[in-house]
Amino acid sequence: MASGHSSSSAPHSSRGGGSDGFYRKGQEHSSRHYRSVCPLPDVCPKEPTGETRGLCDGPSVVADQHRWTIYSSKVNLPAALNDPRLAKRESDFFTKTWGLDFAETEVMPSFYLPNITKEHFAPYLQEMSQKEKIHERCRAICPNKDDPDSVSSITHNHEKARTELEQVPKIFMRPDFVLNDPVTFNAVLPWSHFSVASGKNRDASSSRLLQEKLSHYLDVVEVCIARQISLRSEAFFHAMSSQHELQDRLQKTTHAVAKLRSRMANMERVMCAGPLRALQQTLTRSNCVRLHSKLKLMAAVHQTQPTVQLLLSTSEFVGALELIATTKEVLQQELQGIHSFRHLGSQLCEMERLIDKMMVADFSTYAKSDLNRPFEEDSQVLEKVGQSGAQAGFFSPLRNHTNARGKVYDRLQSLVFGLLRQRKLDFLDIYSEEIIQAAKGIVRQSVLRTVSQIDEIDTDVVMKLPDQMRLMVFCQWFELLQDIFEHFILFLKRIKATLSVIRCVVLEVLDSSQRSRLTAEGRERTGDQEEEEEEEEERLEGHPRVGTELAYLTHEGLFISDALNEAETQAQETQQQETTRSAAMHMQARRDVYGSDSASATTESSSSREHIAMTTSALPGGLNTGLSDDMMPSDLELGRVANNVQELLYTASDVSHDRCVKVLMARAKDGSLERLSSAEFVCLSQEVEGFVKETEELCGRRSVSLRGALQSQANRFVHRFHEERKNKLSLLLDNERWKQAEVPAEFQDLVNSIADGRITLPDRKTSGTEERKPSDYLTVDGQRYAVVGTVLLLIRIFLEYCQCVNDIPSIATDMLTRLSDFLKHFNSRSCQLVLGAGALQVVGLKTITTKNLALVSRCLQLVVHYIPIIRAHFETKLLPKQYSVLRHFDHITKDYNDHIAEISAKLVAIMDSLFEKVLLKYEVKAPMPSICFRNICKQMAKMHEAISDLLPEEQTQMLFLRINAGFKMHLKKQLSKLGVVNDGAPQHGLVVVDVAFYTENVQVLRSLERLDLNMAEIWEQKR
């Protein structure tokens, strides 16, 4: 109970010196980090304390009552029960603290601790008893260090012995003390004691003194040795006795070893000599077999160079490189250190570098010959080869093509395989350079061939190709351009066929690399699983399988060495079988890859291949024609090469377009392309667009250089096209007399085609259309338009603009801007000539009549009718982001409507001025109708006669309503001036007669019968 409560007590007691010191040590150690603690209340506060310093520094229960610390343990039972401050122990110590119900109980023994008895220590005591006896014996022999007497005697004896030994010179104590040394001898026996000059008596005394001194030294040493022997005599004699016992045991052991050796010799003679001889002969035979294999391997390596030459003669670069790599590996692993092959490694490296140069040179030669061969030979077959190479896979274009092209592509595949294996990944740069040179040659040859057929061009005078092209007429140059386009299409197809083969080779290598890597990983996983299964079986069986087999063989009468030798032989045979199988597979793969045509091969090539097969089969694993991972580029590099192949096709397309751009710019240098007719430029544009689309379909990339050059020429053509038609319009307007023109049938057909939705120029007129008579009016959507000849040509001109946009969609925005400028020019110029009366000076008209004004108004209305149609047509040719340019048509429509309104106002103003001039002379008097009203009606009839055939009825009625309003205003003003009012007076009657005459004459006119003149407005309203 007490011990159970004391287990959680604090590390201080009431007044114990050790506990108090421990508590103060902890307090001093932590005083610089923690605040000072307050004292705990004493366990027995009623008893006096002898010292007040012990608990004064404890923690405060009041201050720290809410935080538990190690001082929260209320009672330290051992300290409380053993408190030296208490005079007696209290009997009610527990009950006064924990109550009357507290009672001491017996502590149950622990279930986890064993019951310890004396028998548990019996083995230890038995073991230590013998060591205790030995210890007691040694302690009896050696004095006890704790005994003061023995220690003092030993110390005294040691001091005495040390003092005596210090009398002996140090030279006798040196480990290299030898009297044979003259220096040592002179130091021990100085010659000064034996000097002749000193006399015999002195020599004798000196000799005796020296002899006594040496004898004293000897005695001191003997005494020290005797003392040491006396101190360790028992141990010394015990060691001597142990030595005799050890000698006896060694003698017995010697006899036993001799007997064992005799038996082992007999056993070796009887049982081991024969088997060892058999093992030695087996080892000798194995060494001979290995030597024979090495000699065969050396013979195969010796044939490497001629075999490589045979492979190179058939352009099998990959086989040659694989053979060189295998031979180098054999030299490093199997034949290292052979003197006869000391230079073969460097020779193979030199041959490998030579093969690299040969492959690069052959690839360059192939590219040059393939790209520069004539296009006339078998262009369709070339296309089929390229398509089959891109679609049917890797080897189909090589197997399905003719023998000649098949050999060429076999050579190309061999070259690509070899270049990839040697990591010569820059061979595409060589092909790119050849593409550029071949593209230049295509243009040069086409120009020379075309110039040679033109007699008008003297090549001795005009030597530069651009100058020769500029001397051609357009049809000749256009045929040249078509020929160049056709050759470049074939050129790109030829490049695509070659690049398809290269890409297929690269993808096949990449696929082979990935498949081999996946196979290796699968084998590793399978091997790991088999090893784990074997380890699991061995663990379950409890002993290794090999040990079981070896034990069984030993039990059956065989030897372990024989078992190991047999296992090694089986492993070698298995490895040899696998090697033979892999060599056969590699040779079969090589025959599949390179497609050896045995039927057409010569006797020499067959014998060379047999020689190659014999040579490579002698090497370990044969000739590995597969794509080894350590030789071939990585997957990342192969993927980059495949992307570069596609980029090279794009580059070829760009190069072709650039050369065509140069041809185009050479022709356009003197501005000849700007002077083309619309039909010629449309033909040129269509041809260029067709070439661009075909190259895009062939190469899969949009090229902008040729389109950009065509767009530049198109902009110049549009500028020239617009200026020509603008000048033509100006010339027509300057010669226009503004009289109604007859409408030929072809213009009516043109208008009808526009109404049917065909915004194009009609075809050439046939002979039947010439017999049709022209009409007086142009009928558009059921309305008749009286027009001048300029407007008819204007309709044809803006159709030419629309036709250009149809043929060249890329110039839609520029053409729209030019067309809007063209329409504005017609509006402004017609305004200057008619409303501005410019035609009086330009054409020589005497005056601008109302008929001229009405005709101009009707022509403008016809143009306004066609503006929405033109806008809709251009809207179909524009991109959504270009719709903002259509606002030009809105501005043009507004300008035209304003012009039409100005013409109407001009007609009204003419009649206004007439009314004002005539009505100023008006007088209300007989006869009636008055002369003034007769003149007005006459002018109104002339006006109606001038415009009624030109303007539609609605516009005529609206115009006469406005004229009538002006007449009523001037008449009202004159009547007010004359003082005539609506009062029924005679003057009022006269005015009514005139007004009735005016109304009758006006309503007699055609289309004005139901016109409401409302003549009552001429009278002032009575207030």
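The values are calculated or read from the model by the stated rules, or taken from the named source; none is laboratory data. Treat the numbers as computed from the prediction; the structure is a model and nothing was measured. So basically every Cβ, Gly included, is an ideal-geometry build from the backbone, and we count neighbours across all protein chains shown. The accessibility values were calculated without ligands, DNA or RNA, using every heavy atom of the protein model including side chains. Shrake-Rupley method; radii C 1.70, N 1.55, O 1.52, S 1.80 Å.
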Please find the FRET efficiency linking VAL704 to GLU875, where r is the Cβ-Cβ separation and R0 is fixed at 22 Å, and quote it to the nearest 0.05. 0.30
Debye sum, Cα scatterers, segment 921-1019, no solvent: what log₁₀ I/I(0) at q = 0.15, 0.17, 0.19, 0.24 1/Å? -0.60, -0.75, -0.91, -1.33
If the limit is 32 Å between Cα atoms, which of LYS824/LYS972; LYS726/LYS877; LYS464/LYS726; LYS493/LYS881 go over it? LYS824/LYS972; LYS464/LYS726; LYS493/LYS881
Please give, to one decimal in nm, the separation of the simple spin-label points placed at ARG227 and ILE171, each 7 Å out from Cα toward the Cβ. 2.5
With each pseudo-label sitting 7 Å past Cα toward Cβ, what's the GLU533-ARG720 distance in nm, one decimal? 8.6
5 angstrom amide H check on VAL743, placed H, neighbours 5+ away: SER775, ASP776, TYR777
For segment 212-357, the percent of accessible surface on carbon and sulfur atoms (probe 1.4 angstrom, ligands and nucleic acids excluded) is 59
Net length gained if the chain between ARG523 and LYS131 were fully extended (0.36 nm per residue, minus Cα distance): 134.6 nm
Expressed in whole Å with the largest first, what are the equivalent ellipsoid semi-axes of segment 975-1023 derived from the C-alpha gyration tensor as the square root of 5 times each eigenvalue? 24, 12, 8
Which is farthest toward the positive dipole end of segment 921-1019 among PHE967, PRO929, LEU978, measuring Cα position about the Cα centre, with Cβ charges +1 (Lys, Arg) and -1 (Asp, Glu)? LEU978
Pairs LYS739/LYS942; LYS846/LYS906; LYS440/LYS662; LYS906/LYS977: which are spaced more than 20 Å apart, C-alpha to C-alpha? LYS906/LYS977
Pulled fully out, how much extra length does the chain show between ILE338 and TYR112, if you take 0.36 nm times their separation in residues and subtract their Cα-Cα distance? 73.7 nm
Given a 1.4 angstrom probe, I'd like the percentage of the accessible area of segment 921-1019 that is carbon and sulfur, rounded to a whole number. 53
Segment ALA140-GLN482, extension gain: residue separation times 0.36 nm, minus the distance between their alpha carbons: 110.1 nm
Mean projected area in nm² (Cα convex hull; one quarter of hull surface) for segment 631-728: 7.8
Net charge near THR365: determine it from the other residues with C-beta under 14 Å of the C-beta of THR365, scoring Lys and Arg +1 and Asp and Glu -1. 0
Rounded accessible area per residue of segment 921-1019, 1.4 Å, Å²: 53
List every residue whose amide H lies under 5 Å from the amide H of VAL780, counting only residues 5 or more places away in sequence or on a different chain, with H placed 1.01 Å from N in the peptide plane. TYR785
The answer for segment 212-357, accessible area per residue at 1.4 Å probe in Å², is 71
Could you order peptides 486-494, 220-228 by the average number of other Cβ atoms within 10 Å of their residues, highest first? 486-494, 220-228
Unsatisfied cross-links (Cα-Cα over 19 Å) in the set LYS728/LYS894; LYS917/LYS968; LYS917/LYS938: LYS728/LYS894
Rounded if a/c is under 1.5, else prolate if a/b beats b/c, else oblate: with a ≥ b ≥ c from the C-alpha gyration tensor eigenvalues square-rooted, which is segment 212-357? oblate
